[in-house]
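Asker: Would you mind keeping the following structure in view while I ask a few things?
The values are calculated or read from the model by the stated rules, or taken from the named source; none is laboratory data. Everything quoted here is computed from the prediction, not taken from an experiment. Here Cβ is always computed from backbone atoms with ideal geometry, including for glycine, and neighbour counts include all displayed protein chains.
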Amino acid sequence: MLEKQLTRLHDLAVFLSADENLEMRLGELAKLAAQATDAASCSVMLLSEGDKDTPRLKLWASSEVLPASAWSDTPGTGESIAGKVLQRGTGLLVSRVSGSEFAGLARRRTGMGESCICVPITVGSSIIGVMNLASRFGAPAFTEADLSHAGIVAVLIGKSVQVERLQTLLRSRVAQASLAREGKEVLTQLTDGSPPPTKLAKILAKAFYKDLSTAGFGPGQIIEVATEIIGQISTEIGRHKKRLSRRENDSARQP
């Protein structure tokens, strides 16, 4: 059993160390994390909005097909089992969800066991998200050893998210130049991976606006730039949907 776990953990580590866009492979990431922890399903939620005092989570990756509501929900501290973990800052093992204090917070799904694990995803001293695991139907409940194992997987995911975010910034000279003028505190936050994407987007947007305004661009010209950016995003989203559709069709054809 230990040898199998180590092999699956190694497979996950190899996947995360690949020099590829992690955002394009989130489903595969969640499936490998589920396999590495011998779970029926795995979902990863990252901080996406809110400030330090009112953080909120958003679903980032899942090994299973979930309803649209799961992807649009943004639970805060204490508003879900993951929110409870975000609140307490430590992992949570529930042997049997029904009948427990967390029964009202759990999302009921068929084909899953009664046990679950939720662990924080951290970078340094900062929590950037939560990983959720559900046990297999008919399998024994998760144990403390499983909780420790899940913590290792969460560390790997956290480091990969941090690297991915930093690499994204390093690929953009405009972002580097803009953020360099924002001060030491912002740069420190970026290095430790703590700011959620929405906060980073706002920092970049303000810095970009200041740069354009200082360079002499008027309001109308800045609007034109923003419109062009939105157009580029729409085109890329269309391409992304086509790629996902091709992958789903290819998977369906495989025996």
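Asker: Given the options GLY99, GLY89, GLY78, name the one that is at positive phi, under 17 Å from the mean Cα position of the chain (by Cα) and without any contact (Cβ under 8 Å) to a residue 40 or more places away in the chain. Please lay out each step first, then the result.
Answerer: Working: GLY99 fails: under 17 Å from the mean Cα position of the chain (by Cα); GLY78 fails: under 17 Å from the mean Cα position of the chain (by Cα).
Going through GLY99, GLY89, GLY78 in turn, just one is at positive phi, under 17 Å from the mean Cα position of the chain (by Cα) and without any contact (Cβ under 8 Å) to a residue 40 or more places away in the chain: GLY89.
Asker: While we're on this one: Against the condition over 23 Å from LEU59 (Cβ atoms), at pLDDT below 80 and of a type in the set (Val, Ile, Thr), how does ILE203 come out, does it pass?
Answerer: For ILE203, the condition - over 23 Å from LEU59 (Cβ atoms), at pLDDT below 80 and of a type in the set (Val, Ile, Thr) - is met.
Asker: Can I ask one more? Is one or more of the residues making up the range 32-47 assigned by TED's automatic domain parsing to the domain that holds PHE15, touching a Phe, Trp or Tyr at 6+ places or on another chain (Cβ under 8 Å) and within 19 Å of ALA201 (Cβ to Cβ)?
Answerer: yes
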